[in-house]
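Asks: I have a structure I would like to understand better, so I am pasting it below and will then ask my questions one at a time.
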Amino acid sequence: MTPRKTTPNVEAQKDSSQLRQKQMIAEHYTRLANAPDTGDKCAYTFVPGNLTELLRSFDLLPVLPEINALQSSMRGKSREYISLAEKLGHSEDVCTYVKCDIGMMKSGNVGPTGERLPDPDMLLLSYTGCFTFMKWFEILQGEY
């Protein structure tokens, strides 16, 4: 058996647009974290159907649970969150996006900037072909 080659841990080079995108995302999460103090309202919705422009036209800040799950994974938190959701009774068969989001919520709902995300003022489901989304929002409805 040949030993597996490892690549050195090299930081990815980012161009100015990637850096700007990172800044914009961080600013959005900070605005969400400050929403209870500023009076901003937020709506939890999903990426498919892309209702962000509609929400923003009503001065609602979008929260995208599946993006939160991805961000949690990038921070190395998803295993912890998924395990918690399973301990709370969510089956191993349930989509890991759902379990990661539920575990994050049950662990204080801390977003990628390390700040707590607000409870939703609205849950807006845009059904676009994945039955999981409907069940996911039924879970969120019961929590909030």
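The values are calculated or read from the model by the stated rules, or taken from the named source; none is laboratory data. It should be emphasised that the depicted structure is a prediction, and the values quoted were computed from it without experimental measurement. Don't worry about glycine lacking a Cβ; one is built from the backbone with ideal geometry, like all the others, and counts go over all protein chains shown.
Asks: Could you run through the stretch 34-82 and say how many residues are in contact with a helix residue (DSSP H, G or I) (Cβ under 7 Å, 6 or more places away or on another chain), at pLDDT 90 or above and among the aliphatic types (A, V, I, L, M)?
Replies: 5
Asks: Might you let me know whether the stretch 26-44 holds any residue that is in a loop (DSSP other than H, G, I, E, B) and buried (at least 18 other Cβ atoms within 10 Å of the Cβ)?
Replies: Keep residues of the stretch 26-44 that are in a loop (DSSP other than H, G, I, E, B), which gives 39-40.
Okay, now just the ones that are also buried (at least 18 other Cβ atoms within 10 Å of the Cβ), so none.
No - not one qualifying residue is present in the stretch 26-44.
Asks: Follow-up. For the stretch 48-107, how many residues meet the condition of being crowded, with 21+ Cβ neighbours inside 10 Å and closer than 14 Å to L140 by Cβ?
Replies: 14
Asks: So which residues in the stretch 106-138 are touching a residue at least 40 places away in the same chain (Cβ under 8 Å) and among the small types (G, A, S)?
Replies: Selection gives G111, S126, G129.
Asks: Name the residues in the stretch 115-137 that are closer than 14 Å to A69 by Cα and part of a loop (DSSP other than H, G, I, E, B), would you? Please lay out each step first, then the result.
Replies: As a first pass, look at the stretch 115-137 and keep what is closer than 14 Å to A69 by Cα: 117, 133, 136.
Once the filter is applied, which keeps residues that are closer than 14 Å to A69 by Cα and part of a loop (DSSP other than H, G, I, E, B), the stretch 115-137 yields only L117.
Asks: Which is at pLDDT below 95, on the phi > 0 side of the Ramachandran plot and not acidic (D, E), of G114, G142? Explain how you work it out, then say what you get.
Replies: Working: G142 fails: on the phi > 0 side of the Ramachandran plot.
None of the others qualify; the one that does is G114.
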